[in-house]
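Right, one structure below, let's go through it.
Coordinate-derived values only; no laboratory data. Just so you know, these numbers come straight off a predicted model, no measurement behind them. Neighbour counts run over all protein chains shown; Cβ positions are idealised from the backbone, glycine included.
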């Protein structure tokens, strides 16, 4: 993993997108699947080498397990700013949409498909925070 994190750091990577998209990778040449996560061009040879090692160790059902713990949507600061600015103009639709998406993410994560009960307990607390 150390080599991977060096590459991810040098390529200015969105880790959330990277690990979510890593679940879709099926061969070492699938770098295009990961490309949306990179803000700068990664060293393709190093990424392919790491993918080959990773896929050789990966177990069946990997994508499902990864998607259960790697969020599809995360709360980003710019989303909060957009919601606040819209609210200042009297438009609550941006905040409502944001809460709907984030609430759905929490509900999916706590639907019993997660890897452990602790995650479900944390998710239940988070769900209460989104209720009005």
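Some points to look at:
- Its residue count N fixes a reference of 2.2 N^0.38 Å for the stretch 2-68, and the Cα radius of gyration divided by that reference is 1.02.
- A Cα-only calculation for the stretch 34-78 places Rg and Dmax at 13.7, 38 Å.
- C-alpha center-to-center spacing [the stretch 1-77, the stretch 79-98] in angstrom: 32
- Residue order, fewest to most surrounding Cβ atoms within 10 angstrom, among 25, 81: 81, 25
- By the beta-carbon count within 10 Å of each Cβ, the least crowded to most crowded order of 62, 76, fewest first, is 76, 62.
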